[in-house]
Amino acid sequence: MTLNSRRGRTAALALLAALGVLYPLLRRPILTWGATTEEAKSRLPGDELLEEADGVSTRAITIDAPAAAVWPWLAQMGPSPRGGAYTYDWIENLLSLDMHSVDRVLPEFQHPEVGDTIALGPNRMLIEQVEPEHVLAWRSENGNWTWTFVLAESDGSTRLISRNRYRLPTLAARIGMLPMEPGSLILERRMLRGIKKRAERLSRDADGVQSPS
């Protein structure tokens with residue numbers, strides 16, 4: 001082995017070691033964007049659907065609207081003809097998810113029920129919990145992924161918390177999840193902001209209708 005090759009190998013090992021030290025520090029804000037420390041650590045409805053999780057993300061946003069204006073957008077989420085995911089449709093559709101985010105409430109999808117199914121590409125999601133204006137929980141058909149939305153209203157605003165729990169049964173799955181975590185943040189942050197924008201507009205429109213002329 002030449003001197004240059006030894007130096008290159010040493011530099012590569014040093015870089016890997018540095019990434020190994022830094023990644024846990026970087027990973028926390030990736031998995032808890034928008035969430036308080038208490039929210040990230042708390043037990044939420046739906047956690048019992050997958051107790052032994054290998055990974056958990058808890059992301060959140062405050063919406064200046066009551067839960068009644070937020071719930072419709074969650075209730076109708078899903079691929080066409082449902083309401084989409086309010087994120088980057090073009091990215092979703094590269095994965096053949098058939099997502100087309102709408103800016104209107106779809107009355108025909110406002111009453112999700114336990115047992116309903118929603119196809120997310122190869123993942124078939126079953127609705128496991130429904131508490132209108134409070135909890136909506138999905139679980140993948142193979143049981144390795146749960147996705148729960150929790151709404152907490154206070155003084156006319158709503159805290160929307162999105163929690164993903166997932167099981168990674170193989171080493172390949174664990175390694176493959178590492179680059180997916182920052183990718184999921186990009187999509188989910190856009191989704192939460194998209195729901196916020198739609199809910200706040202819906203609330204303003206409702207207030208306008210109710211206000212005296």
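The values are calculated or read from the model by the stated rules, or taken from the named source; none is laboratory data. Since the structure is predicted, the reported quantities are computational estimates derived from the model, not experimental observations. Glycine also receives a Cβ, built like all others from the backbone with ideal geometry; neighbour counts cover every protein chain displayed. Heavy atoms of the whole protein, side chains included, go into the accessibility calculation; ligands, DNA and RNA do not. Shrake-Rupley method; radii C 1.70, N 1.55, O 1.52, S 1.80 Å.
Brief remarks on what is shown
- Checking each residue in the range 172-187 for being under 14 Å from Trp145 (Cβ atoms), of a type outside the set (Ser, Thr, Tyr), open to solvent by less than 80 Å² (accessible area, probe 1.4 Å) and within 13 Å of the chain's Cα centre (by Cα) picks out only Glu181.
- Test: residue in the range 134-143 that is polar (S, T, N, Q) and in contact with a strand residue (DSSP E or B) (Cβ under 7 Å, 6 or more places away or on another chain): yes
- Given (1) of a type in the set (A, V, I, L, M, F, W, C); (2) surrounded by 15 or more Cβ atoms within 10 Å (Cβ to Cβ); (3) over 18 Å from Arg165 (Cα atoms), index of the condition Ala53 fails: (3)
- Test set (1) in contact with a Phe, Trp or Tyr (Cβ under 8 Å, 6 or more places away or on another chain); (2) assigned to a strand (DSSP E or B) - Ala199 fails condition number: (2)
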